[in-house]
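The values are calculated or read from the model by the stated rules, or taken from the named source; none is laboratory data. Quick caveat, the model's predicted, so the values are computed rather than measured. As a convention, Cβ positions derive from the backbone with ideal geometry for all residues, glycine included, and neighbour counts pool all protein chains shown.
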Amino acid sequence: MPGVKSENLYGKTYGKTSFSSAANDFNRGIDLPVNAKFCTTTGDTMLDHAQGNHKTTAQIVGVARNEDCYQKPVDPTEIRKFWGCDMEDGDGIVEQKQFEANSKAFYAGQMDTPDRQKAGQSEQAAMGEFFGIDAEVKGQKINNPIPGYNGHSRRIGADNLFGMTYAEARGAAVSSQGNID
């Protein structure tokens with residue numbers, strides 16, 4: 001497209017920019033008129049909804065929306081007559097009777113809980129055995145060094161570690177050391 005450069009047409013679709021170029025309907029060069037020089041993309045594309053001069057969604061989509069029309073709800077007595085229900089037998093009465101029948105059936109028998117003996121081990125010990133957690137060895141534990149420490153460290157092999165934090169690199173080195181041991 002002749003004359004179209006990235007600095008003078010942007011923020012529009014290819015179709016709009018090519019149409020604008022074919023119609024020669026855009027400003028060229030660095031000396032722009034004031035209305036084009038100080039116009040931002042946001043100010044150009046966004047709508048001020050407070051003014052109300054925009055199309056509604058129904059107008060954009062092309063749906064002919066009629067005015068809301070509401071009908072008076074049908075009287076419950078008419079509904080009960082239609083279904084042949086007794087006026088005294090309301091939903092609340094039926095629900096209450098059903099609840100009473102269900103509760104009598106549920107609580108009719110006694111709940112027999114089995115007699116359990118005391119467990120042979122604690123819950124923590126059982127979980128440790130299940131997950132294979134070894135008991136902690138007493139003694140001095142060597143923690144990770146202070147980040148950035150350049151002094152002596154226990155043998156750490158050279159690995160290709162890039163783009164990691166110090167703690168992540170130390171964790172990778174420890175796992176690599178585990179593979180060596």
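Does GLU78 qualify as being out of contact with any Pro (no Cβ under 7 Å at 6 or more places or on another chain) and at pLDDT below 80? Taking the combined requirement at face value, the residue does not satisfy it.
Here region 20-65 is the region considered, the condition is being within 18 Å of TYR10 (Cα to Cα) and among the charged types (D, E, K, R), and the residue that is surrounded by the most Cβ atoms within 10 Å (Cβ to Cβ) is ARG28.
In region 81-110, the qualifying residues are those that are small (Gly, Ala, Ser) and exposed (fewer than 10 other Cβ atoms within 10 Å of the Cβ), and the one that is modelled with the highest pLDDT is ALA105.
Looking at region 124-135, I want the residues that are touching a residue at least 60 places away in the same chain (Cβ under 8 Å) and surrounded by 10 or more Cβ atoms within 10 Å (Cβ to Cβ) and have a partner that is among the basic types (Lys, Arg) and not in a helix (DSSP H, G or I) with Cβ atoms under 8 Å, at least 6 apart or on another chain. Which pairs are those? So the pair list comes out empty.
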